[in-house]
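Contents: one structure, followed by commentary.
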Amino acid sequence: METKMLDAHIPIPLAERLDAMAIDLAQPRDEIVTEAITTWLDREERRRITALRTIAAANTIVLVEHHRVIDWADSL
């Protein structure tokens, strides 16, 4: 797979945690970061789709005017 080099400034404590995890798992840091970014993007894409579906569903709701509801209630 073709790759692209990205630079990111992250807080030192986070970088230290990443380094420790890479050592513990015997995995390169770039694999851990790639997995973390993939997981985050997947979650955000699902959240976006859910939000768009919710908006679309809200736009299809049929609203009834207040006076019509009162008239219906009075007819019971």
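From the list [x] 1.08; [y] 2.21; [z] 1.19, can you say which value of Cα Rg over 2.2 N^0.38 Å was derived from the structure given?
Identified label for the calculated read-out: [y].
Between 0 and 90 degrees, rounded to the nearest ten: what's the tilt of helix 29-59 against the longest Cα principal axis of the chain?
Tilt of helix 29-59: around 10 degrees.
Say the dipole of the range 6-76 comes from +1 at the beta carbon of Lys and Arg and -1 at that of Asp and Glu; which of Ala22, Leu63, Ala73 then lies farthest toward its positive end?
Ala73
Report, in degrees rounded to the nearest 10, the 0 to 90 angle that the Cα long axis of helix 12-25 makes with the longest principal axis of the chain.
That works out to roughly 70 degrees.
What are the GluC sites (Glu not before Pro) within the range 1-71 that DSSP puts in a loop, where the Cβ has at most 13 other Cβ atoms within 10 Å?
Loop-located and lightly packed - Glu2, Glu65.
The numbers here are math on the coordinates, done by the rules we state, and not lab data. Bear in mind the structure is a predicted one, so any value in this text is a computation, not a measurement. With ideal geometry, Cβ positions are generated from the backbone for all residues, glycine too; neighbour counts draw on all protein chains shown.
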